[in-house]
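The structure appears right after this line, and notes come after that.
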Ligand SMILES: [Zn+2]
C-alpha cells in the first residue's frame, strides 16, 4: 500500500490565528486609550486566551498524529524527541553542552506537560550527552537507558551522579516532575539487541533495539585478532604499531571491539508505529551497519533513516542505504562544524541512491532545515521544518 507524505516547511501559526491576533491588538489599543486598569486586565485576558487556544490547537494536532519524532536543532550533536500522544515521551541524546535542547523540547511540550518518560543515551560522547544532566534537572525521567558503557569523561561521571542524586529527585518531586524510583539500579536500564521499549501498548508504538549486540563484539574481536595474526605472520613482525590507543590496547588493539570505543557501542534502534518507521543510529560506524544488515536483512527497511555519526564518511555505506531503503534521510549536524559533517562522499552516495530509488524523497539536515519534525498517524507522515 502506498503512503502519503505531506511536506510543510515551517511551524507558523495558522493564518486565521494570525488574523485574530491583529483584530485583538486593535481592540486592545482602543480600550487602553480610555481605561488603563481595564486595559491591563483585558491584556491579561487576551494572553490567557491565546495560551488556551495554543494548548487546544497543540492537543488537536497531537490527537491527529499519535507519534511525533522531532530531530532537534541543537548544533553539532544529536537530540531526538519522540512524543506519543499527549502522555508518553522519550529523548534520544541531548546534544552538546550548549543546553539548546531545553528550549527545543519546550517548543513541543505544552505548559501542562513538563515531563520526559524515557531518556536514552546512545553512547557517551559529549555531542550526545553534553546537556543530559540539564535535561534531568529540568524535566526528570522515569527510566534512563543506555548501552551500558562507562566512560572516564567528566561529563559522563557528572551525568551518572545526577541520575542517583537523591536531593535532585526530591526537588523534582516537589515540582511534580516524576521520577518513580529512588533506587539507582531500578532507574538505569542497559539496552541490548532484542529488547523493545513499548511507548504505547494500545497502538503498539515501540522502539526495537538492534544494537549493541554481544555477538558483534565477539565476531569483530575474533576477526581483528585473525587479521593481526595474518599480518604479523606475513611481515614476520611481532610488533604492533598504533599511535592512537592506550598501552593495553597497544598490546592488543582488537580490544576496542570489546567495548572501549564509544561509537562501536552506539545504540541503534527501529521505532515503529503502524506502517511508519524510523531507523535511528547514533554514531554507529559501517562495521556495525554491516553486522545489522547481516542479522536483520530487510527487516531494517524504514521510511526515515537518521544517518550515523552526523553524515561522517565512517557511516552510511551505500549497502546500508540500499537495505534500509528510506524515503527520507536525516542528518543532524551543526552549521559550519569543524568536522565538515556531513562528508561529501556521503552526500554523493545519497544522490546516487536517489537516482536509483524513485521512492526516495529528500535529505533533510538540521544545519540547513533547523528542527525536522515527522508526524505519523500510523499510515502517513507529515514533515515540518523550522527553517
Ligand atoms: Zn556524535
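At-a-glance table
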quantity	calculated
Filtered residues of region 314-341 (kept if touching a helix residue (DSSP H, G or I) at 6+ places or on another chain (Cβ under 6 Å) and under 21 Å from residue 216 (Cα atoms))	315, 316, 317, 318, 320, 321, 323, 324
Residue in region 264-272 that is in a strand (DSSP E or B), in contact with a helix residue (DSSP H, G or I) (Cβ under 9 Å, 6 or more places away or on another chain) and within 16 Å of the ligand (Cβ to nearest atom) present	yes
Residue in region 371-381 that is in a loop (DSSP other than H, G, I, E, B) and buried (at least 20 other Cβ atoms within 10 Å of the Cβ) present	yes
All positions within region 303-319 that are crowded, with 24+ Cβ neighbours inside 10 Å and either more than 16 Å from the ligand (Cβ to nearest atom) or in a strand (DSSP E or B) (or both)	304, 305, 306
Criterion (within 28 Å of residue 333 (Cα to Cα), within 16 Å of the ligand (Cβ to nearest atom) and either at pLDDT 95 or above or surrounded by fewer than 16 Cβ atoms within 10 Å (Cβ to Cβ) (or both)) met by exactly one of 69, 74	74
Counted residues, region 90-104 - those being in contact with a helix residue (DSSP H, G or I) (Cβ under 7 Å, 6 or more places away or on another chain) and more than 15 Å from the ligand (Cβ to nearest atom)	3
Residue in region 145-157 that is over 29 Å from residue 328 (Cβ atoms), in contact (Cβ under 8 Å) with a residue 60 or more places away in the chain, within 16 Å of the ligand (Cβ to nearest atom) and surrounded by fewer than 19 Cβ atoms within 10 Å (Cβ to Cβ) present	yes
Residue match in region 276-285 (condition: more than 15 Å from the ligand (Cβ to nearest atom), more than 19 Å from residue 146 (Cβ to Cβ) and part of a helix (DSSP H, G or I))	no
Residues of region 158-170 classified as more than 16 Å from the ligand (Cβ to nearest atom) and touching a helix residue (DSSP H, G or I) at 6+ places or on another chain (Cβ under 8 Å), total	5
Residue in region 111-144 that is farthest from residue 190 (Cα to Cα), counting only those that are away from the ligand (no atom under 13 Å from the Cβ) and assigned to a helix (DSSP H, G or I)	138
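The values are calculated or read from the model by the stated rules, or taken from the named source; none is laboratory data. From a predicted model like this one, the values you see are computed outputs, not experimental measurements. All Cβ positions, glycine included, derive from the backbone under ideal geometry; neighbour counts span all protein chains shown.
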